[in-house]
1. How do the peptides 85-94, 179-188 rank, highest first, by the average count of neighbouring beta carbon atoms within 10 Å per residue?
2. Quick one: the Cα spread of the chain along its three principal axes, in angstroms, biggest first?
3. Can you pull the one-decimal nm distance between simple spin-label points at Glu60 and Asp92, each 7 Å off the Cα toward Cβ?
4. Applying a 10 Å radius around every beta-carbon, put 130-141, 59-70 in order of their mean neighbour count, most first.
5. Which helices, taking whole DSSP H runs in the chain, have alpha carbons extending 15 angstrom or more along the helix axis plus mean Kyte-Doolittle at least 1.0?
6. Based solely on its DSSP helices, what 222 nm [θ] is calculated for the chain when runs of n ≥ 4 H residues each add -39,500 (n - 2.57) and the sum is averaged over all residues, nearest 500 deg cm²/dmol?
7. Given contacts defined as C-alpha pairs under 8 Å and at least six residues apart, what's the relative contact order of the chain, whole-number percent?
8. Let me check I've understood the local charge: for Glu50, count other residues with C-beta under 15 angstrom from its C-beta, Lys and Arg +1, Asp and Glu -1. What total comes out?
Amino acid sequence: MKKFNLTVLMATTLIIAGCAMAEGQKTAEEHRDAGIAYHRVGEHQKAIEEYNKAIELDPEFVKAYATRGIAYYHLGKHQRTIEDCTKAIELDPEFGRAYAIRGAGYYKLGEHQLAIKDYEKAIELNPERAGSYYNLACCYSLQGDKDKAIEYLRQAIEKGYNNFERMKKDTDLDNIRNDPRFIKLIQSDNK
């Protein structure tokens with residue numbers, strides 16, 4: 001059912017984009033929207049092509065750089081993720097999502113200190129971003145800082161992060177897995 005819904009979403013988006021194109025040149029926003037539609041169905045290279053067109057039309061389109069960074073992330077091109085998000089941050093230093101995405105790129109490259117810095121900035125700009133707290137917990141766990149890892153995991157759960165199955169299996173949390181505080185947090189899944 002979910003795959004069917006994504007297919008319908010993709011088809012609808014492409015029909016809308018095609019209608020806009022028939023009326024004239026697509027806007028940067030329409031290219032970005034088409035890129036997002038491709039991303040949602042796992043067509044990351046096609047998404048990048050649309051983001052490229054958006055950026056070509058509007059070289060200061062912050063969200064196009066950030067979303068292209070996500071597509072590169074999914075293709076395993078983490079340095080490109082960092083580059084695109086750095087550009088987005090240069091254009092808008094208050095765009096918290098770009099810090100979170102760039103942090104993910106650094107994280108995948110094993111640059112945990114840089115990832116921590118970006119996740120902290122993402123939280124400063126958007127304190128309700130539960131995923132950034134979770135990612136900080138993973139970074140600190142990998143660095144062996146159990147207290148900070150547990151604290152950020154607790155905050156992630158408080159902010160609404162509820163993927164307990166992932167928490168139970170995520171190897172990045174292996175350093176805290178046997179800590180009684182971790183076990184207690186994971187048991188909050190059963191509340």
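1. The most tightly packed comes first, giving 85-94, 179-188.
2. For the chain, the Cα spread along each principal axis is 62, 40, 26 Å.
3. About 1.2 nm separates the two model spin labels.
4. Most protected by this proxy first, the peptides run 130-141, 59-70.
5. 2-23
6. -23500 deg cm²/dmol
7. Relative CO of the chain lands at 11 percent.
8. Surrounding charge for Glu50 is -1.
A short reminder: the numbers here are calculations on the coordinates, not readings from a lab. Remember, it's a predicted structure, so these values are computed and weren't measured experimentally. Cβ: placed from backbone, ideal geometry, glycine included. Neighbour counts: every protein chain shown.
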